[in-house]
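Colleague: Pasting a structure below so you can have a look.
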Amino acid sequence: MISDHTGPGKGSAVAAVPKAAAKSAEDRPVIVEGRGIGVSFKGVRALNNVDIQMRAGEVFGLLGPNGAGKSTLLGVLSSLLRPDSGEVYVAGVRVTREAPHRRAARGLARTFQHPQLFADLTVRQHLRLAYRLHHERRRLWSDLVDGAGLRPASSEEIRVVGELLELLQLQEIADHPVVGLPLGTGRLVEVAQAFATRPKVVLLDEPSSGLDPHETKRLVTALSDVVAAHGVSLLLVEHDIEMVMGISDTIQVLESGQTIAVGPPAQIRANAAVKSAYLGDQFDPPDEAKPRARVVGGTAGGRRAEEPPARPILRADQLCATYGHALVLDKISLEVMPGSVLALLGANGAGKSTLGRVLSGLMPAASGSIHFDGVDVTALPAHEIRQRGLVYLPEGRGVFPNLSVADNLKLAVRTLPKPEREAAVGAAMAMFPIFGQRRRQLAGQLSGGEQQMLSLARALTVGPRLVIADEMSLGLAPKIVDQVFDALRVAIDSGITVIIIEQLVHQALNMADQCCILRRGQIAWSGAAAAVDGILDHYLGSAPEHEATHEEVVDAIKAAGA
């Protein structure tokens, strides 16, 4: 019951998913509806008069940049958040003030960003528990009280659970405890658990977060099969734009708590307001007249030399990193030349900040190597890498709010020899004259933009050769963002090599020579920052993905449990 719209290219994580023929939208009844939803948090408007309408058997994608209000809207629909204004309806019944368990009884189920599973239960037991909770509640409580939990399941329970295990390809691990399962398989178990309640609608919150391309394809195939077999509606809140484009019938896009577009995937992909929300609308292609270093092997080059230097200042080879069982960086290889500016782009969860932390030693690499200025720094601690001249500016304000501006700078230069410290602080004050006037002011009393500039000034006091600037625009107003990037240009003009990790694509590309786009921990595209069309296409999802086999996953699970 998924409409047959144009999906992503061959080889992608969702390309080979078959789509069932669907009724026209007009023939489907409305199953979930929100009218005029408004939510505020401490005076900040998170949702402003948002309408949403889902129909039976529909896969509905909810997109938007960070802070758009997606998770807030999902919380309102599932009754975890009470709206300040507006109404929520399920199958035509107003349920705005109903508790979550009452909405669940009406056929509303949801999953969470992190799988909510019981480590000691098997996959099958999770599904049986979910089924009994909604269809044999008396049996559930009696089993707990009289210890009769091993009584044979009803024929209907056996049928429903067995069907879901087969549909989601979980039969071979059905009696395996969920502890130790790969993250992707754990998400499939949680999805199966939601479907075991026989819902009308399932709300999925970031279901592909942390999954590799193969696990994502398994998940998308499973969701498509369940929708086609049972006519369940899905609401998909997801940062993976390609996944949403490939599976959804209808997509709604939020920005700053308001709806900016609703329609089929092809229409959303071409929508100017959507492109502006994700990429910005102030992009000016870099000046092609200025000399550039060429891209070496598809990796970043530099801006200040007509020919690339013989040796890159930073090189990563086959770099991998993990969070628990989740592979978050998958064989990343790149080179950055001295004096160049590399824009590192990608959707939320693509691995950008993780790559910055691994390169700077704040997070260990699982495999691969990192060379800075010709020296292998893969195993060095962060403070030693910083002393060598590679400085990481974390997202958020990297300052001490209860110290003065001057003391923040003095603290930053403590790693320098004593005779050099005063001159380093003076150079920072000269580079950012505003701090000369506010040297005694507490950093916490500065504006957000001024705090970001102070964070940059702190980094520059130690004379870095390469700065990784991670989300310097985070939480700042547009005018303040311009001030922060003007400060970053000061560093670039002084000859420092810079890697910009940024959601404001237009700002990053205005500065950069080269660009790398990450998707699911892999480099999906790299090239000149001036290649606007290519950047737009790949940022919104069109690059091929790696595929693996279901048998490989099952064999790995069996081996882990042996």
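Colleague: In this structure, does Arg159 turn out to be crowded, with 22+ Cβ neighbours inside 10 Å, of a type in the set (Lys, Arg), in the same structural domain as His214 (by TED's automatic domain parsing) and not in a loop (DSSP other than H, G, I, E, B)?
Modeller: No; evaluated as a whole, the condition is false for this residue.
Colleague: If you go through region 343-387 one residue at a time, how many are over 30 Å from Pro65 (Cα atoms), among the charged types (D, E, K, R) and either touching a residue at least 60 places away in the same chain (Cβ under 8 Å) or outside the structural domain of Asn510 (by TED's automatic domain parsing) (or both)?
Modeller: Final tally of qualifying residues: 2.
Colleague: Any idea which residue in region 231-249 is surrounded by the fewest Cβ atoms within 10 Å (Cβ to Cβ), counting only those that are of a type in the set (Asp, Glu) and within 20 Å of Thr72 (Cβ to Cβ)?
Modeller: That would be Glu238.
Colleague: Then there's this: What residue, among those in region 260-282 that are part of a helix (DSSP H, G or I) and modelled with pLDDT under 85, is nearest to Val50 (Cα to Cα)?
Modeller: So, considering only residues that are part of a helix (DSSP H, G or I) and modelled with pLDDT under 85, the one nearest to Val50 (Cα to Cα) is Ala277.
Colleague: Identify the residue in region 389-407 that is in contact (Cβ under 8 Å) with a residue 24 or more places away in the chain and more than 27 Å from the chain's Cα centre (by Cα) and, among all such residues, is surrounded by the fewest Cβ atoms within 10 Å (Cβ to Cβ).
Modeller: Asn402
Colleague: Right, here's the next one. Surrounded by fewer than 24 Cβ atoms within 10 Å (Cβ to Cβ) and either among the acidic types (Asp, Glu) or closer than 26 Å to Ala350 by Cα (or both), is that true of Ser224?
Modeller: Criteria met by Ser224.
Colleague: If I filter region 439-475 down to residues being buried (at least 22 other Cβ atoms within 10 Å of the Cβ) and assigned to a loop (DSSP other than H, G, I, E, B), which single residue comes out as modelled with the highest pLDDT?
Modeller: Thr461
Colleague: Return the residue satisfying two criteria in turn: it lies in region 77-123 and is out of contact with any Asp or Glu (no Cβ under 7 Å at 6 or more places or on another chain) and at positive phi, and of such residues it is surrounded by the most Cβ atoms within 10 Å (Cβ to Cβ).
Modeller: Within region 77-123, the match that is surrounded by the most Cβ atoms within 10 Å (Cβ to Cβ) is Gly107.
Colleague: Tally the residues that are modelled with pLDDT of 85 or more, touching a Ser or Thr at 6+ places or on another chain (Cβ under 9 Å) and in a loop (DSSP other than H, G, I, E, B), restricting the search to region 321-360.
Modeller: Total satisfying the criteria: 4.
Colleague: Further question on the same structure: Quick one: count up the residues across region 246-268 that are within 19 Å of Arg218 (Cα to Cα) and either touching a Gly at 6+ places or on another chain (Cβ under 6 Å) or among the aromatic types (Phe, Trp, Tyr) (or both).
Modeller: 2
Colleague: Considering only residues that are in contact (Cβ under 8 Å) with a residue 12 or more places away in the chain and either at positive phi or buried (at least 16 other Cβ atoms within 10 Å of the Cβ) (or both), which ones fall in region 408-426?
Modeller: Across region 408-426, the qualifying residues are Asn408, Leu409, Lys410, Ala412, Val413, Leu416, Ala424, Val425.
Colleague: Moving to a separate point now. Take the residues in region 476-512 that are in contact with a Ser or Thr (Cβ under 7 Å, 6 or more places away or on another chain) and at pLDDT 90 or above, then tell me which one is surrounded by the fewest Cβ atoms within 10 Å (Cβ to Cβ).
Modeller: Checking each candidate, the answer is Ile501.
Colleague: Mind checking which residues of region 71-101 are charged (D, E, K, R) and in contact (Cβ under 8 Å) with a residue 12 or more places away in the chain?
Modeller: If the condition is that a residue be charged (D, E, K, R) and in contact (Cβ under 8 Å) with a residue 12 or more places away in the chain, then Arg82, Asp84, Glu87, Arg97, Glu98 are the ones that fit.
The values are calculated or read from the model by the stated rules, or taken from the named source; none is laboratory data. Computed from a predicted model, the values in this text were never measured in an experiment. With ideal geometry, Cβ positions are generated from the backbone for all residues, glycine too; neighbour counts draw on all protein chains shown.
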